[in-house]
1. Would you pick out the residues in the range 255-265 that are part of a helix (DSSP H, G or I) and open to solvent by 70 Å² or more (accessible area, probe 1.4 Å)?
2. Only one of Val252, Val275, Val268 is outside any helix (DSSP H, G or I) and either closer than 18 Å to Leu75 by Cβ or among the β-branched types (Val, Ile, Thr) (or both). Can you tell me which?
3. Going by what's in this entry, would Leu140 be described as surrounded by fewer than 13 Cβ atoms within 10 Å (Cβ to Cβ), in a helix (DSSP H, G or I) and not β-branched (Val, Ile, Thr)?
4. Which one of these does Trp86 not meet: (1) in a helix (DSSP H, G or I); (2) of a type in the set (Phe, Trp, Tyr); (3) open to solvent by 40 Å² or more (accessible area, probe 1.4 Å)?
5. Taking the criterion of being closer than 30 Å to Leu274 by Cβ, among the hydrophobic types (A, V, I, L, M, F, W, C), touching a Pro at 6+ places or on another chain (Cβ under 7 Å) and touching a residue at least 12 places away in the same chain (Cβ under 8 Å), would at least one residue in the range 211-218 satisfy it?
6. Quick one: count up the residues across the range 158-181 that are touching a residue at least 40 places away in the same chain (Cβ under 8 Å) and either assigned to a loop (DSSP other than H, G, I, E, B) or farther than 30 Å from Arg120 by Cα (or both).
7. How many residues, within the range 105-134, are touching a helix residue (DSSP H, G or I) at 6+ places or on another chain (Cβ under 8 Å) and buried (at least 16 other Cβ atoms within 10 Å of the Cβ)?
8. What's the total number of residues in the range 146-158 that are buried (at least 17 other Cβ atoms within 10 Å of the Cβ) and closer than 17 Å to Val92 by Cα?
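The values are calculated or read from the model by the stated rules, or taken from the named source; none is laboratory data. Bear in mind the structure is a predicted one, so any value in this text is a computation, not a measurement. Don't worry about glycine lacking a Cβ; one is built from the backbone with ideal geometry, like all the others, and counts go over all protein chains shown. We work out accessible area using only protein heavy atoms, side chains counted, and drop any ligands, DNA or RNA first. Shrake-Rupley method; radii C 1.70, N 1.55, O 1.52, S 1.80 Å.
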Amino acid sequence: MSAQRSALAASDSRESVVSRGAAMLIMGVFTLYFLLPIFWLLVSSTKTLGNFNSTFSLWFTSTSLPDLVANLGKLFIYDGGVFPRWLLNSVVYAGAGALVGTLLASMCGYALAKYAFPGREALFNVVLGGVLVPATALALPLFLIFSQVQLTDTFWSVFLPSIVSPFGVYLSRIYAASSVPDELIEAARLDGSGEVRTFFTVSMRLMSPALVTIFLFQFVSIWNNFFLPLVMLRDQTLYPVTLGLYTWNSQVSEIPDIRTLVIAGAFVSIIPLLVAFLSLQRFWRNGLGAGGLK
């Protein structure tokens, strides 16, 4: 009997080692797949135009650091220093849009989860329908609406559509229903707390992992948004960095020297996304830990 148990334990151990090895191999392959373009972007940002035309390499050269500094210097002063303006526009569009969008989505989702009112399920189904509609399909109708109120080619034509997040409303409702106990809300009401105060001081803290997720999804979505600014904007000073780099890239055939600036600008443009993910991931860990304790 003991021999059978030992054999089973050895078999389970071998299967465990094999499964862990296979999982690590798959994760390693996908990690390499996702990180290789970023690494190529970093290496390419350290090259001059002559290096692009003569060689193709995935490693740095002896002059990589001076060339990177030179490329970044040219990037930030080219065309009157418009690139920093584009970068600031993207930070404002994405940061403020994600913050306001997360607040609105959390309030809507919380209301759908915790308050019973006529038409609640029908309204939630409409929200689910909004999740299925691609953002590019809404760009032209939004342009027609904003043109009627004379708001095209303005900051608001990009910002206002960005604060609407049907997926955020959906996620907020699901998370609020499972993580915010009704008994806790009733206790807050008995203590004299109003509905708004209860939401901001009690419910939002319990919903923080979902709110961080919504914020990051919104931030990345707005940051990478291209078609809506392309349709709405004509003033170059209002461009986000995605549209600005696209306009430069369309001029590469006429101005070959701009190629290095496009690549360096693309590398710089992903840094805010990395900062956002790395700085907010601790909230996910805290949320997972709290869930485990429950």
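1. Arg259, the sole residue that qualifies.
2. Residue meeting the stated conditions: Val252.
3. Criteria met by Leu140.
4. The number of the failed condition is (3).
5. Checked against the condition, which is being closer than 30 Å to Leu274 by Cβ, among the hydrophobic types (A, V, I, L, M, F, W, C), touching a Pro at 6+ places or on another chain (Cβ under 7 Å) and touching a residue at least 12 places away in the same chain (Cβ under 8 Å), the range 211-218 yields no hits at all.
6. The total comes to 4.
7. Number of matching residues: 11.
8. 2
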